């Protein structure tokens, strides 16, 4: 079982002008929320760990999880509002986000809200701005540190400077999580924000030295790079008619975790020992899944049957 930890929110897209203003289309979202749904769609037993509002938008988030078969036993329900993310997409399908989340439920997770993890959980994934906004950030970072060595820890920074503009805050969080994580997946855009002027390989070497086992850098249409100790792998991305890239990184992470689970590589030792050809297959599967998401509107992640 995978347990995905982080934010849940509503992505609000413009849907054209209305008679008196602008029509809006609100859709369930949030990077970790998407990863959880993506894993479940691929046939992986998955749970979600977060705080979700008791308002009507929170109810819709919970219903979406249940409809996808995601276990919600580790979700804390809080009376705080649901975060709203206003999403604009440019002519290349690249999204820009404006977050409205101060005091919202997904930022309000406290240690006392945590429940005991199910014994079946073999891997935990942590991500995005939930790792930098307090008190949720401290709660989840402590959980990752406590579970290090007991379960596989995966992390995707998924930097959102319009949530937390201070790069030093993101740097500190990334360094703390790299020390806890076995697998770090990061986009080349995030690396450019965090470590301007440094190569992906140099950053990956630092993270491996800090205790990480596998570092994966996604490069959009150029595929992905991966590093283990003394080893570098590269995979290409399938040619795709891009509608937008919303949810592509989340899809990649979900598919990669699913493939590693099928390869019985959900602990640090197994991840390190996984033959290069099997790891490359997992990376190609993840790239193919992400490409399929890019070919349709929004974070519409593929199901297992679509990737067979």
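The values are calculated or read from the model by the stated rules, or taken from the named source; none is laboratory data. All values derive from a computational prediction rather than experimental measurement. Reconstructed Cβ throughout: ideal geometry from the backbone, glycine too, with neighbour counts over all protein chains shown.
Some notes on this structure:
- Enumeration of residues in region 257-297 that are touching a strand residue (DSSP E or B) at 6+ places or on another chain (Cβ under 6 Å) and in a loop (DSSP other than H, G, I, E, B): 266, 267
- Selection of region 207-222 for residues being within 21 Å of residue 276 (Cα to Cα) and either surrounded by 15 or more Cβ atoms within 10 Å (Cβ to Cβ) or touching a residue at least 60 places away in the same chain (Cβ under 8 Å) (or both) yields 207, 208, 212, 213, 214, 215, 216, 217, 218, 219.
- Some residue of region 161-180 being at positive phi, surrounded by fewer than 19 Cβ atoms within 10 Å (Cβ to Cβ) and out of contact with any helix residue (DSSP H, G or I) (no Cβ under 7 Å at 6 or more places or on another chain): no
- All of 81, 32 fail the test of being surrounded by fewer than 21 Cβ atoms within 10 Å (Cβ to Cβ), on the phi < 0 side of the Ramachandran plot, modelled with pLDDT of 95 or more and not in a strand (DSSP E or B), apart from 81.
- Just one of the numbered conditions (1) closer than 30 Å to residue 85 by Cα; (2) within 17 Å of the chain's Cα centre (by Cα); (3) surrounded by fewer than 23 Cβ atoms within 10 Å (Cβ to Cβ) is not true of residue 261: (1).
- The residue of region 39-62 that is surrounded by the fewest Cβ atoms within 10 Å (Cβ to Cβ), among those that are assigned to a helix (DSSP H, G or I) and out of contact with any strand residue (DSSP E or B) (no Cβ under 9 Å at 6 or more places or on another chain), is 56.
- Qualifying residue in region 130-152 (condition: in contact with a strand residue (DSSP E or B) (Cβ under 6 Å, 6 or more places away or on another chain), part of a loop (DSSP other than H, G, I, E, B) and surrounded by 15 or more Cβ atoms within 10 Å (Cβ to Cβ)): no
- Any hit, region 299-307, residues being under 30 Å from residue 92 (Cβ atoms) and out of contact with any helix residue (DSSP H, G or I) (no Cβ under 9 Å at 6 or more places or on another chain): yes
- Residue 116 vs. criteria outside any loop (DSSP other than H, G, I, E, B), over 30 Å from residue 220 (Cβ atoms) and without any contact (Cβ under 8 Å) to a residue 24 or more places away in the chain: no
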